[in-house]
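The values are calculated or read from the model by the stated rules, or taken from the named source; none is laboratory data. Just so you know, these numbers come straight off a predicted model, no measurement behind them. Ideal geometry is used to build each Cβ from the backbone, glycine not excepted, and the neighbour counts take in all protein chains shown. Heavy atoms of the whole protein, side chains included, go into the accessibility calculation; ligands, DNA and RNA do not. Shrake-Rupley method; radii C 1.70, N 1.55, O 1.52, S 1.80 Å.
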Amino acid sequence: IVKAQAPIRWRFQTYAGAALGEQVTKPIIDYINAAAQGELEIELFYADQIVPTGELFQALQRGTIDGVHSDDDSMASPTPLRVFGGYFPFATKHILDVPVLFNQYGLADIWREEYAKVGVQWLSAAGQDPCNFNTTKEITSVDDLDGLRLYTFPTAGRFLAKFGVVSVNIPYEDAEVAVQTGELDGMAWSGITEDYTVGWADVTDYFLTNNISGAWIGSFFVNQERWAELPDHLKQLVMASIEAGHTYRNQWYWGGEARLRAQGDKLALRSVPADEWAVVEDAAKEFWNEIAEESETHAKIVQIFRDYNEVINQAGPPYNFE
Amino acid sequence: MPYEMIAALMFSTMMLMLLTGQRVFGAIGFVAVMAALLLWGDRGGYDLGFSAAMKLMKWYPLLTLPMFIFMGYVLSESRIADDLYRMFHVWMGGLRGGLAVGTIGLMVLVSAMNGLSVAGMAIGATIALPELLKRGYDKRMVTGVIQAGSSLGILVPPSVVLVLYAMIARQPVGQLWLAGVVPGLMMAALFILYIVVRCRLQPELGPVLPAEDRDVGRAEKLRLLRAGLLPLGIFAAMMVPFVNGWTSLVESSAIGAITAFLVAVAKGRMTRDVFETSVRNTLGITCMFMWIILAALAFGAVFDGLGAVKAIEALFTERLGLNPWVILILMQLSFILMGTFLDDTAMLVIVAPLYVPLVGQLGFDLVWYGILYTITCQIAYMTPPFGYNLFLMRAMAPPEITLRDIYGSITPFVLVMVCALVLVMVFPGLALWLPGVVYGN
Amino acid sequence: MTGALRGFVRVVDGVNYRIGRVVMYGIFVIMAILLWSSVSKTFFVPSLWTLEMAQFAMVAYYMLGGPYSIQMGSNVRMDLLYGNWSDRRKAQVDALTVLFLITYLGILLWGGIDSTIYSFQYGGERSPTAWRPYLWPIKCIMVFAIALMLLQALSELAKDILRLKGEPV
Ligand code: NA
Ligand code: NA
């Protein structure tokens, strides 16, 4: 009788709190645990459970945490890719733009390379929901943004500062309470599906249909040594499970955004007219130029975004909105 | 070793180490970092202690902690509560046990001005206690009154304990504070009821104040009543901007601290000594809390990493298959038991994260549970061998009050508190009605 | 030996006392930041940096103040048994149990140094907020404070040894 080998155990932490993690991360971990038949056991932890999100990346590099699901921005990635994670303003229109950019336009290679330099194995990126606003105060014009205190991503916050938004960064799970303690006027963090799932729809009143980016960019990472130790068939299994998770998430968000805008009863929809919102889009072009000047890698990635946006703008709807 | 075993081992090691009388934060921190190092040493287990410090930095509501502590010290050290006490003295003195009743009233007002029980204890022990003893009140009665009354500080808003609970349970602080109002007043009423009944049965415990002490003239009586407006003013300066959304919670706490400070200055009570004591003790108490929370956060992270939360949930719900209410009652009993010998801050940061998700899963309201938790903390403050109020009382009480008196004095009041706990359990509306009215849900 | 211990205690306690006496006024710094936060929010544009700055101030306040709080005896102990012991017995047990505290602080320092070195790498670690302050200043303060705390714990040990030798402390 061959004695079963001791399972490989990973500690995996996601940027998401428990309610959202249930949809965006847990399905993948469940697939892996079920299919690995005890050879690989991954324990999932939610936002800030073992290490605070701001320290997540160092913890991954050191091996305190073995795997991570997060965007490059909020996990304080030490690479030039940091600004492009989360919501890079107006880089994408739809959830599917993200895998296309990574797999057809070369972002995957850049990501893999940059993370290898800092001792981390980048596995896969995917899109999620757009970056809309849910707030306690009504937004009907760009001027209404002035003075709002919003929970948002660092890069998005830096961009929105141009319109007087004060971004506040606190632990993910504290955001809901922070609206009630008056620390926040709302969030520029997600689409409407997340607002309802996380509970933010219970503490804010309005949802702005205009967004500052069409899809969140986030990735799966593993500590380099842990990845190297993994037998090939388990590597395949992990990758396939992540892909399956992407598919599930694509549907969950795409369906949720439509249904909750149309039928949700907790948030009143508001919109800024498209021609007025164009001011924000134009500011993003400026912002891209600023970012491109920061380094060669920055410039290269911004150029890829430019190229891709040119393609979809030529293609017209449904790829863009005009 | 199975993870449940490691978790149990960690917990019992910590308990044993606490028995040696070492500093609480050292015991908790040592067990936490050693466990992390032994479990995950080769994979960066050494950094959990420090990453807890980074986590703690981001817990913004803790900024209220030094503010409320400072506020409490300013109030007690500057003796601006003296007038308040005189007010109750004159107005309630005619009743049997009236001074004790008045002391509870004083404690309620002091509670509305600060977030901990320390200020109440200090004010009670320095102003009320000598006065009550001089008037021939039973020493056990008054010792108990002051300990029990001051514990209202964490139930009547503002409350630091509820801020900490809000952080852990992810519940809105505003609603939790409001939820504490009715149970807090109810508990004060129960204390008063107990005092009045007891003194009716045994008049020697709380003699009526001689008439010449009470007859100060109508004008003076009204002037003293106005002294009661002072805490209301401080309370309003802090709460009105907060409830209206003009300032955030932490900003409001700073406004409260500054207001109390300015009031003391305006009344000419902010002497060099008062200033020095307030500033120095604020640092001391804040450090005590923060270092315990820092250690307990690391402990909690290791516990989490072991999956202890899931293990406890599985034990209660699946393996034992108990009725939710039975589980809830068991949890409260275990809290009270742990509260006798564990620091309540550590209890909150280590044990509450295990219990709170379970309470939520069982379908109970977490705001309501926050009030149950706080009442349990109040009990823990007073039950020997480990209780802040016990320590403070021992430090502040005059020599004729022995340790035996202090321990003996709490029994009836703890029973009253258990009564209040049961009432809030049976009638959740006591806690949930007011936040429901204000926040409209 | 006794002289060396005395010297160590005098220097460490002296330094920590002075730092603590300065840091205790930090309460007013935190207050001022929060007050500015409410004022700027009510009358002007809310500030980007206030909450985070207040958090930094708070960390510096309680960490740098830690050693002074040990000197003041602010840290609670469970005194079920401890309270009844003689001073000599207390010193004996403390001299042993303070080693746990020293271990804890040592590991805390180890993690802190590692994290601080990290904050200098990759072009400098920045806080993941729109204000994006560099994190090395606060991490350096934290490491410095933990080191002082460790020295204070050693000083407590030295004092217990002196007590056990029958020297006045
Ligand atoms: Na209070
Ligand atoms: Na106790």
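What to note about this one:
- Cα-based helix-to-principal-axis angle, A:296-315 vs chain A, degrees rounded to 10: 60 degrees
- Across chain B, the relative contact order, built from alpha-carbon pairs under 8 Å that are at least six residues apart, equals 25 percent.
- Overall shape of the stretch A:1-82 was characterised from the C-alpha gyration tensor. The equivalent ellipsoid obtained from it has semi-axes of 26, 15, 10 Å, in decreasing order.
- Rolling a 1.4 Å probe across all protein chains gives C:Ile19 an accessible area of roughly 40 Å².
- Cα-Cα P(r), the protein assembly as shown, percent of pairs per 20 Å interval: 14, 44, 32, 9, 1
- Within chain B, the selection of entire DSSP H helices by a Cα span of 27 Å or greater along the long axis and an average Kyte-Doolittle value of at least -0.5 returns B:173-201, B:272-305, B:403-426.
- Helix content alone sets the calculated 222 nm mean residue ellipticity of chain B: runs of n ≥ 4 DSSP H residues at -39500 (n - 2.57) each, divided across all residues, give -23500 deg cm²/dmol.
- On Cα atoms only, tilt of A:107-117 relative to the major axis of chain A in degrees: 60 degrees
- Here r is the Cβ-Cβ distance between A:Glu39 and C:Phe43 and R0 is 45 Å; the resulting FRET efficiency, rounded to 0.05, is 0.10.
- A simple spin-label model places the labels of B:Thr271 and A:Ala161 4.9 nm from each other, with each point 7 Å out along Cα-to-Cβ.
- Within the assembled protein chains, the solvent-accessible surface assigned to A:Glu322 is about 150 Å², based on a 1.4 Å probe.
- Kyte-Doolittle mean at least -0.5 and Cα axial length at least 24 Å: DSSP H helices in chain C: C:2-23, C:26-43, C:87-120, C:136-164
- Computed as a quarter of the hull surface, the mean projected area of the alpha carbon convex hull for chain B stands at 22.2 nm².
- The residues packed around B:Thr271, meaning those with a beta-carbon under 12 Å from its beta-carbon, carry a net charge of +1 if Lys and Arg are +1 and Asp and Glu are -1.
- The distance linking the stretch B:129-191 with the stretch A:38-97 is 44 Å (Cα centroid to Cα centroid, whole angstrom).
- Accessible area per residue (1.4 Å probe, heavy atoms of protein chains only) ranks C:Phe8, B:Phe50 as C:Phe8, B:Phe50, with the largest value leading.
- The largest accessible area among B:Leu63, C:Leu109 belongs to the first residue in C:Leu109, B:Leu63, and the rest follow in falling order (1.4 Å probe, all chains).
- The largest accessible area among C:Phe28, C:Phe56, A:Phe153, C:Phe44 belongs to the first residue in C:Phe44, C:Phe28, C:Phe56, A:Phe153, and the rest follow in falling order (1.4 Å probe, all chains).
- Per the Debye formula on identical point scatterers at the alpha carbon atoms of the stretch A:174-304, with no solvent, log10 I(q)/I(0) at q = 0.19 Å⁻¹ is -1.16.
- Placing dummy labels 7 Å off each Cα toward the beta-carbon, the span from A:Gln303 to A:Thr140 is 4.6 nm.
- Exposure of B:Val326 as accessible area (Å², to 10), given a probe of 1.4 Å and all protein chains: 70 Å²
- Compared with the dominant Cα axis of chain A, that is its longest principal axis, helix A:26-35 is turned about 20°.
- Here the label points at C:Arg88 and A:Ser271, each 7 Å from Cα along the C-beta direction, are separated by 8.7 nm in the simple model.
- Shielding by other protein chains, A:13-24, mean Cβ within 10 Å: 0
- Qualifying GluC sites (Glu not before Pro) in the stretch A:133-191, DSSP loop, other Cβ atoms within 10 Å at most 15: A:Glu138
- Each peptide in B:105-117, C:65-77 receives the mean, over its residues, of other Cβ atoms within 10 Å, and ordering these scores from highest gives B:105-117, C:65-77.
- Accessible surface of the stretch B:200-295, 1.4 Å probe: 61 percent of it comes from carbon and sulfur atoms.
- Other residues within the sphere of radius under 12 Å centred on the Cβ of A:Gly218, judged by their own Cβ, net out at -3 (K and R +1, D and E -1).
- Partner chain coverage, peptide A:165-173 - average Cβ within 10 angstrom: 6
- Shape analysis of the stretch C:2-164 yields a ratio of the Cα radius of gyration to the Kirkwood radius, Rg/Rh, of 1.08.
- Shielding by partners, peptide B:240-250 (average Cβ within 10 angstrom, other chains): 5
- Length-normalised contact order of the stretch B:138-257 in % [C-alpha pairs under 8 Å, at least 6 apart]: 18 percent
- Taking the alpha carbon gyration tensor of the stretch C:73-159, multiplying each eigenvalue by 5 and rooting it gives semi-axes of 37, 13, 9 Å, largest first.
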